[in-house]
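Take a look at the structure below.
The values are calculated or read from the model by the stated rules, or taken from the named source; none is laboratory data. Everything numeric here is computed off the predicted structure, so don't read it as measured data. FYI the Cβ positions are ideal-geometry reconstructions off the backbone, even for glycines, and counts take in every protein chain you see. For accessibility, only protein heavy atoms count, side chains too; no ligands or nucleic acids. Shrake-Rupley method; radii C 1.70, N 1.55, O 1.52, S 1.80 Å.
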Amino acid sequence: MTIDLRSDTVTKPTPAMKEAMFLAPVGDDVFGEDPTVNKLEEKCAALLGMDAAVYCPSGTMTNQIGINVLTHPYDEVICYKGAHIYKYEGGGLMGNSHVSVKLVAGDRGRISVNEIAANINNDDQHYPRTAVVALENTIVREAGSFYALKDIEKISGFARSKNLHMHLDGARLFNALVATGENAGDYGKYFDTISICLSKGLGAPVGSVLVCKKEFAKKARRMRKVFGGAWRQAGFLAAAGIYALDNHVNRLKEDHTRAKAIGKSLQQLSFVKSVMPVDTNIVIFELESSVSPAVFLEKIGEHQIKALAFSANEVRMVTHLDFDDAMLQKTITTLNQLRFL
């Protein structure tokens with residue numbers, strides 16, 4: 001039995017999800033004729049309290065489209081310095097939308113009104129035009145830290161007072177919602193575009209959805225085509241997303257509990273220098289200088305456990321739908337038994 005903690009993207013469809021996929025009615029989505037895709041888009045828009053949605057192959061695509069429809073070439077986006085849209089999307093902001101970024105430190109990735117205010121450019125021909133504030137929830141680089149809705153409300157109110165658009169990379173938004181107990185429908189009030197991923201903690205095999213205000217929907221669909229994301233009988237995949245939203249949201253709290261147990265265990269180990277606070281389903285820890293991530297991963301690999309090197313001295317583990325209590329116990333037992341020369 002292999003235990004794969006590299007990411008929550010490694011999950012496989014459950015038997016019930018597969019059945020929903022095989023039974024899905026489908027059509028040509030480019031013509032707007034796939035009833036299951038249409039149902040998923042309508043469901044996501046209603047769920048987040050927004051007007052429209054566009055189903056896409058990946059979260060990177062929904063993020064890139066979301067920023068694109070809110071900007072013009074030579075604009076600038078304010079975001080956390082470790083934000084996924086900047087750090088892990090292949091330079092897409094610059095290549096796809098010809099925009100620059102203003103990076104801010106944040107508190108474990110959560111940027112503040114003061115940081116935003118200090119980084120809005122003056123109306124001067126020498127500077128790019130500040131156009132968008134982009135948030136991430138949860139924050140992958142900061143071990144799944146998350147915003148409280150009251151803080152998002154403050155940021156959105158300030159941004160709009162400065163005529164700035166708001167984008168949310170909500171790849172793991174449902175992890176944040178489960179952790180806070182807040183209402184998903186409140187999010188639509190504070191953003192112009194929201195990207196949600198169905199193939200991470202929710203366990204669908206493929207797909208993300210860009211939820212947006214109605215005025216951005218037509219351009220979003222056009223940009224999906226430009227970026228190569230138009231597809232045909234995508235309802236088989238959309239059915240998995242619908243099933244995931246209906247059945248896999250509340251169980252995310254199980255992933256959080258298991259991640260916290262791993263984090264607690266790691267804190268007791270001599271070869272672990274520090275562990276980031278574990279807020280949701282992501283565990284990031286720093287190894288002592290005598291142990292490299294490569295050596296650590298080799299050692300746990302001997303026990304059929306996989307994790308991810310996250311920097312020169314950090315390792316990441318992510319809990320998910322296919323990681324159960326028996327796997328948790330084996331992981332903790334293995335960690336406690338590891339020895340390094």
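General observations
- Flag if residue 82 is open to solvent by less than 10 Å² (accessible area, probe 1.4 Å), assigned to a loop (DSSP other than H, G, I, E, B) and either farther than 22 Å from residue 163 by Cβ or not hydroxyl-bearing (Ser, Thr, Tyr) (or both): yes
- Boolean, residue 87 is touching a Gly at 6+ places or on another chain (Cβ under 9 Å), of a type in the set (Lys, Arg), open to solvent by 10 Å² or more (accessible area, probe 1.4 Å) and modelled with pLDDT of 95 or more: no
- Selection of first residues in segment 109-129 that are within 13 Å of residue 76 (Cα to Cα) and of second residues that are in a loop (DSSP other than H, G, I, E, B) and open to solvent by 50 Å² or more (accessible area, probe 1.4 Å), restricted to Cβ pairs under 9 Å at least 6 apart or on distinct chains, gives the following pairs, ordered by first then second residue: 116/162; 120/162; 121/127; 128/74; 129/72; 129/74; 129/123.
Conditions tested, residue by residue: (1) part of a strand (DSSP E or B); (2) modelled with pLDDT under 95; (3) under 30 Å from residue 56 (Cβ atoms).
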{"residue": "236", "(1), (2), (3)": "no, no, yes"}
{"residue": "241", "(1), (2), (3)": "no, no, yes"}
{"residue": "249", "(1), (2), (3)": "no, no, yes"}
{"residue": "255", "(1), (2), (3)": "no, no, yes"}
{"residue": "264", "(1), (2), (3)": "no, no, no"}
{"residue": "285", "(1), (2), (3)": "yes, no, no"}
{"residue": "326", "(1), (2), (3)": "no, no, no"}
{"residue": "331", "(1), (2), (3)": "no, no, no"}
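- Lone unmet requirement of (1) farther than 17 Å from residue 3 by Cβ; (2) assigned to a loop (DSSP other than H, G, I, E, B) for residue 273: (2)
- Evaluation of residue 322 against the conditions (1) open to solvent by 30 Å² or more (accessible area, probe 1.4 Å); (2) under 21 Å from residue 4 (Cβ atoms); (3) part of a helix (DSSP H, G or I) shows that the sole unmet condition is (3).
- Selection count where residues are in a loop (DSSP other than H, G, I, E, B) and either of a type in the set (S, T, N, Q) or open to solvent by 10 Å² or more (accessible area, probe 1.4 Å) (or both), scope segment 181-213: 9
- As a summary of the residue check, residue 166 satisfies the conditions (1) farther than 14 Å from residue 69 by Cβ; (2) surrounded by fewer than 24 Cβ atoms within 10 Å (Cβ to Cβ); (3) of a type in the set (A, V, I, L, M) except for the one numbered (1).
- On inspection, residue 34 fails the criterion of being more than 19 Å from the chain's Cα centre (by Cα), acidic (Asp, Glu) and over 21 Å from residue 243 (Cβ atoms).
- Search result, residues across segment 236-280 that are free of Cβ contacts under 8 Å to residues at least 40 places away in the same chain and small (Gly, Ala, Ser): 263, 270, 274
- Here the condition is being under 26 Å from residue 282 (Cβ atoms), at pLDDT 95 or above, touching a Cys at 6+ places or on another chain (Cβ under 8 Å) and crowded, with 17+ Cβ neighbours inside 10 Å; of 104, 77, it holds for 104 alone.
- Residue check, residue 331 buried (at least 18 other Cβ atoms within 10 Å of the Cβ) and either in contact with a Leu (Cβ under 6 Å, 6 or more places away or on another chain) or polar (S, T, N, Q) (or both): yes
- Summed over segment 1-55, the residues that are part of a loop (DSSP other than H, G, I, E, B), open to solvent by 60 Å² or more (accessible area, probe 1.4 Å) and closer than 23 Å to residue 65 by Cβ give a count of 3.
- Within segment 105-128, being farther than 19 Å from residue 169 by Cα and either touching a strand residue (DSSP E or B) at 6+ places or on another chain (Cβ under 6 Å) or assigned to a loop (DSSP other than H, G, I, E, B) (or both) holds for 119, 120, 121, 122, 123, 124, 125, 126, 127, 128.
- Counted residues, segment 292-319 - those being under 22 Å from residue 141 (Cα atoms), of a type in the set (A, V, I, L, M, F, W, C) and either open to solvent by less than 10 Å² (accessible area, probe 1.4 Å) or in contact (Cβ under 8 Å) with a residue 60 or more places away in the chain (or both): 7
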